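Here the structure comes first, spelled out in structure tokens, and everything after it is commentary.
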Amino acid sequence: MRSSLRVRLILTFLVLMVIVGAGTLFAIERTLADDLLSSLDTRMSKQGTAVAGWLTVAGHPDRLAPRLAAVTGTRITIIGADGLIQGDSLEPSTIGRPIGEAAEVAKARRGEVGRAIRQLMPDEPPQYLVAVPADFNRVIRLAVPLGDVLDTRARMRNRLLVGSVFGFFGCLFLSWIFIRAVTRPLQSMTRTAEKMAQGDYDVPPPTDAGGELGVLARAMMHMAGEVKARVTELTHQRDLLKVVFGGLVEGVVVVDRTGAVVLVNDAAKPLVGEDDMPAPIQPLIEKALAGEQADSELELLGREVRVTARPLGDQGAIVVLYDVTRMRALEAVRREFLSNAAHELRTPVTSISGYAETLLGGGVDAETSKEFLQTIHRNANRIASLVSDLLVLDTLGGRASMIGDRITVALGQVVNDAARTTKGVTPGAQIEITVPEALSVLATRDGLDHVVQNLIDNAVKYGGGTPVSVTADKHGDRVRLTVTDQGPGIPEGQEDRIFERFYRIDAGRSRAVGGSGLGLAIVKSQVEAMGGRVWVEHASPGARFVVELDAAA
């Protein structure tokens, strides 16, 4: 591609030189040939006039013709007024014969100079004939063979051809030098443009060139620098927008005027996919493409999503999706929490208020008054316990890091202490412990005491007097503590909800055995605060609670 310009220019110069050179050579050759013939004609005309003058003062044309022919270098023929040949320098035998039809002789008899080119004899080459009038109506005709003229013309043509060939190659060489000087900066600029087209803007300095080409080369280099700066800036902005666009919590989808998806970020892909928009969103997109704003709350793939569509002018429309499923769930949890908390507090508060009002009214004996006060005290303790549990949950949930520094805690000692405490409250409790003495975990002593005590108390409380099994073993770098009861167990599908605040499987039975409904929520928060996890499994019969913590070295 780069050499084709040079080749085309050279070919163009060649064609021009051939055309101009051939035309010039032809014109010169024709001009010189005409000049040569004209010079011959002029010389022969003068010689014919001189011969006519000699003929006037001298007689005997038959003897005069050969002598004058030797002087003029031509063939001289003298024709009389009667049309007979009076003298011929070449053919004396023709004297006395008629000249015959000769156009040049006829023209000379009219007083003009006659000219003609023809063969005088069948075996002779063509002759150039000039006839001039003389006295007594005689005609002097001079003849010169055209072979001499043609030879001279051929020699002249050959010399012109040789000169033209040398001139052609000289012009070709000079043209190549000129074209090379012109195309070098063009080739440099072409290479620069190709590198820029491939994204490489580090172009070399332009080739030294003067005039407009030099200005153009420097302008292209300056343009490459400007384009590189702009591309770098746009790339930085694109990367920044890509990071921001991809990091948005809200799902963002951009569609063109036809409704086809142009851009979609990671947050939107789980809600709408990557290709076609879900059917419920289409009406909102159509409104946005029509220049209107549209908002709605839709259900997409089982999620509650707040959808907002806004027009982008000729570019299309933008759709923002905000997953409000968790927000709605949190609102439901909040409402349920407030309802449960109010329900848990209303009963003891009502009891305290009723008994206190009765005591304030008077007329109650000492024994009844003592019973009322004990009831009031018991309900006050229940409220205090509920508030204490809520404060523990708030403390655990309000910190991102673990509560206190973890230390090495002997798991068997904690389990034995919790079992003794439970038996002190419920003497008939049957607790079977299988925990190796050397087994230790990374935890806080208070947090682990709270977790184990709560799980054993719940197992004894809801087990209905059946034996409770507490075991522990090591799994890699983790330790699993298992508390199993033989009670009614956990219904299918409730395994996660039992760890929610105030959630109870059987509210009536739960209240009958006591409790605030916060114990397992506290257990989960305490375990997660210590870097572990807790879950429940189905046993046959009963339920199995598993706590997993990091093993101590």
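For the range 55-63, the Karplus equation 6.51 cos²θ - 1.76 cosθ + 1.60, evaluated at θ = phi - 60°, returns couplings of 5, 5, 9, 10, x, 6, x, 5, 8 Hz by residue, with Gly and Pro reported as x.
Each Lys and Arg contributes +1 and each Asp and Glu -1, all at the Cβ; summed about the Cα centre of the chain, the dipole is approximately 3160 debye. Each 5 Å bin from zero up to the one holding the largest Cα-Cα distance in the range 248-323 carries the following percent of pairs: 3, 19, 32, 28, 14, 3, 0. Summing charges over neighbours of THR258, with a neighbour being any other residue whose Cβ is under 13 Å away from its Cβ, gives -3 when K and R count +1 and D and E count -1. Here the Debye sum runs over all C-alpha atoms of the chain as equal scatterers in vacuum, and log10 of I(q)/I(0) at q = 0.09, 0.11 Å⁻¹ comes out as -0.94, -1.11.
Farthest towards the positive end of the charge dipole of the chain, among the residues ALA81, SER188, VAL149, is the Cα of ALA81, using unit charges on the Cβ of Lys, Arg, Asp and Glu. Between rounded, prolate and oblate, where does the range 407-550 land on the alpha carbon gyration tensor, with a ≥ b ≥ c its root eigenvalues, rounded for a/c under 1.5, else prolate if a/b exceeds b/c? Prolate.
As a rough guide to protection, the peptides 451-461, 355-365, 246-256 ranked by mean Cβ packing within 10 Å, highest first, stand as 451-461, 246-256, 355-365.
Across the chain, C-alpha contacts under 8 Å between residues 6 or more apart give a mean separation that, scaled by the residue count, equals a relative contact order of 7 percent. Distant-in-sequence amide contacts of GLU91, defined by a placed amide H-H separation under 5 Å and a gap of 5 or more residues or a different chain, comprise nothing.
How would you rank 262-271, 190-199, highest first, on the average number of other Cβ atoms within 10 Å across their residues?
262-271, 190-199
In what sequence, highest mean first, do 57-66, 231-240 appear when ranked by Cβ atoms within 10 angstrom? Walk me through the numbers before you get to the answer.
Values: 57-66: 14.7, 231-240: 10.5.
Taking the mean over residues of other Cβ atoms within 10 Å, the ranking is 57-66, 231-240.
Placing unit charges on the Cβ atoms of the charged side chains and taking the dipole of the range 407-550 about its Cα centre, the candidate lying farthest along the positive direction among GLY493, VAL441, THR421 is THR421. Taking Lys and Arg as +1 and Asp and Glu as -1, the other residues whose beta-carbon sits under 11 Å from that of ASP200 total +1.
No lab work stands behind these numbers, since they all come straight from the coordinates. What you see is a predicted model, and the numbers here were worked out from it, not measured in a lab. We place every Cβ from the backbone using ideal geometry, glycine too, and count neighbours over all the protein chains shown.
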